[in-house]
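Each remark here refers to the structure printed beneath this line.
Laboratory data are not the source of any read-out in this text; all were calculated from the coordinates shown. Nothing here was measured: the structure is a model prediction, and the numbers come from that model. A quick note on method: Cβ atoms are made from the backbone with ideal geometry, for glycine too, and the neighbour counts reach across all protein chains shown.
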Amino acid sequence: MTKAVAVRREGDAFQARVFWRKAACLLDPTSPIVRVGFESGPKGFDDVWVEYSADRAPCDQYGQAIMREHIQCKWHVSINAYGYADLTSPDWINATSTSLLQRARNAQVANAPNGIGVRFKLLTNWGIAQDDPLSSLIYQRSKTLRLEDLFGTKTDASATGRIRKLWREHLGIDDSELRYLARTLSLDTDTTSLDDHRENLDLLFENRGLRRIPGNESSFVYDDLTFQWLGQGRLDFDRASFRDACKREGLLSDGGKVHTVFGIKSFEHAFDRLEDRCTIVLDLIPYFDERAIRDQAEWVATLQPKLKQFLQDAARDNQYLRLILDAHITLAFVAGSVLNIKSGRNIELEQRTQHRHVWNSNDTERDANRPSWNYEIETLNGKGNDMAVAVSLTHDVGPAVRNYITKSAPQIGKLLVARPSCGPGALSVASGKHAFDLAEALVLRINEEQVQNKVPLHLFVAAPNAFTFFMGQRQPGLGLVTLYEYDFEGQNGSTYTKSLELPI
């Protein structure tokens, strides 16, 4: 009994924290979220729902506006995996007769008969099994189904054909009806711990003017309050009613003041849309196919000018800037070069490490015990005049950079590999101050190597974006810098590709 109660409470906490993640955005008048509900809506997708403003709604995987999103939260104490067949099993959702897929079909027919305008999301800490054919059909950016692949074969003999056959027969529909349903589905995995969810909410609450709960307090009033409202029949809120409810509960701090948070994204975390918690977002995702840019010329022609204008406008009206960079390292470096150390602006950066933290250049005291740099310098050939720098903070890129230079960049004669003294890893950078100091030290070392002649510099970076931003702030002192992006998805041979050359 005790274990069962604990499991139920954890599941309720997960649902409540998903609700607050969305509902807090109602305190931001510029957010596209205009209404949020809890324990209401289509059966099977009624845990949390969100309604968006018609003119700023997010788009589905084919560019059509999503006016509402219905989220079903499924929390498990132990981590496991599921497959396409589980979606047809009532037992998998602890039901007696109706499967998750049947509930999704009923909701789709009632709310999105043509498959457009509404999304039905399963949000669970279980992932799709890697050996299940469903796993290859998921867009990593939106966690929706690749319809062109699901319906790409004509027979039921293939792996995807077997998925269609099972789902079709289970629902008693044909392929055209299944396509409508499949377009509305999102199968998202959230393995964030409940403690990390609470820590992430703390930053969101600060941004939205809600009272923060110290981490040393065991109770978290926001978890219980949601269900208190449920008991009172208060199942959905718009901006006005939510602000009033928070005011009555004493949850507003600083008069409910909202911080101005600027977001820049060239990729997206499926469960963490920057529009939900930023005042203004520069969306560069349409220029990319997953992580790969669609047209290399866009770095110079479009991305750098758009980013420069966005940040100049932000800095013109704000002495204080908080940035969230869900973006490629090239864009993080460019952002730093625009808001350089002479910009006179107070800049904070939200950094994703194991958790989310807000970093700035003076957030901690300088600590001599923190990792410093170990350098390795080598001459690659006697003919090249340029210099390359391989920054290996999160992982060692030295071998990959060396291989790229050997095959594709004969003009590079010298390679400087910079590794943290603790070894590369996710925790090699401790704070914003540490990142700032590491960037400063590396730039000094680069300049020492170029004391006789400032040659063109080629920069390969594996590091937190905050570090890359701080290094970009020093771009004017580095001379001509060429930036590179690595092909993590293997779309272009799993190697480096030149992105941008600064100054333009």
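Within the chain, antiparallel bridges make up roughly 45 percent of the DSSP beta bridges whose residues both belong there. Taking the C-alpha atoms only, the angle from helix 221-231 to the longest principal axis of the chain is near 20 degrees.
Rounded to the nearest 10 degrees, the angle from helix 304-317 to the longest Cα principal axis of the chain is 80 degrees. Taking amide H positions as modeled 1.01 Å from N, with prolines and chain starts lacking one, no residue 5 or more places away or on another chain lies under 5 Å from LYS143. In order along region 364-378, phi translates into HN-Hα couplings of 9, 6, 5, 10, 5, 8, 6, x, 10, 9, 10, 10, 10, 10, 8 Hz, rounded to whole numbers, per the Karplus curve 6.51 cos²θ - 1.76 cosθ + 1.60 with θ = phi - 60° and x for Gly and Pro. Between ALA157 and LEU230, the C-beta separation translates, for a Förster distance of 41 Å, into a calculated FRET efficiency of about 0.30. Taking θ as phi - 60° and the Karplus parameters 6.51, -1.76 and 1.60, the scalar couplings of region 94-104 work out to 6, 9, 9, 9, 10, 7, 4, 5, 5, 5, 5 Hz in sequence order, x denoting glycine and proline.
For LEU480, the residues 5 or more places off, or on other chains, whose built amide H falls under 5 Å of its own are LEU457. In region 2-189, the alpha-carbon atoms span a convex hull of 118 Å³ per residue. Taking the Cα centre of region 144-227 as origin and assigning +1 to Lys and Arg Cβ atoms and -1 to Asp and Glu Cβ atoms, the resulting dipole is close to 460 debye.
Over region 44-119, Cα pairs under 8 Å with separation of 6+ residues give a relative contact order of 32 percent. Backbone amide hydrogens, once placed in the peptide plane, bring VAL358 within less than 5 Å of GLN351, excluding anything fewer than 5 places away on its chain. Look at the alpha carbon pairs under 8 Å that are at least 6 residues apart: their mean separation over the length of the chain gives a relative contact order of 12 percent. With the Cα gyration tensor of region 254-345 giving a ≥ b ≥ c as the square roots of its eigenvalues, does the rule (a/c under 1.5 for rounded; else a/b larger than b/c for prolate; else oblate) give rounded, prolate or oblate? Verdict is oblate for region 254-345. Placing +1 on the Cβ of every Lys and Arg and -1 on the Cβ of every Asp and Glu, with nothing else charged, gives region 2-189 a dipole about its Cα centre of roughly 180 debye. On a 0 to 90° scale, report how tilted helix 159-171 is relative to the longest principal axis of the chain, with both axes built from alpha carbons and the result rounded to the nearest 10. The helix 159-171 is inclined about 30 degrees to the chain. For region 373-502, the alpha carbon positions stretch 39, 39, 25 Å along the principal axes, listed from largest to smallest. How much net charge surrounds ASP46 when only the other residues with a Cβ under 13 Å from the Cβ of ASP46 are counted, with Lys and Arg +1 and Asp and Glu -1? Here the charged neighbours net out to +1.
Note on region 389-463: Kirkwood hydrodynamic radius from all Cα pairs is 13.2 Å, rounded to one decimal.
Judged by the mean number of other Cβ atoms found within 10 Å, the most tightly packed of the peptides 427-435, 286-294 leads the ranking 427-435, 286-294. Rounded, prolate or oblate for region 68-171? Axes are the square roots of the Cα gyration tensor eigenvalues, ordered a ≥ b ≥ c, and the cut-off for rounded is a/c under 1.5. Rounded, since a/c falls under 1.5. Taking the Cα centre of the chain as origin and assigning +1 to Lys and Arg Cβ atoms and -1 to Asp and Glu Cβ atoms, the resulting dipole is close to 440 debye. For region 42-50, the Karplus equation 6.51 cos²θ - 1.76 cosθ + 1.60, evaluated at θ = phi - 60°, returns couplings of x, 4, x, 9, 10, 5, 9, 9, 10 Hz by residue, with Gly and Pro reported as x.
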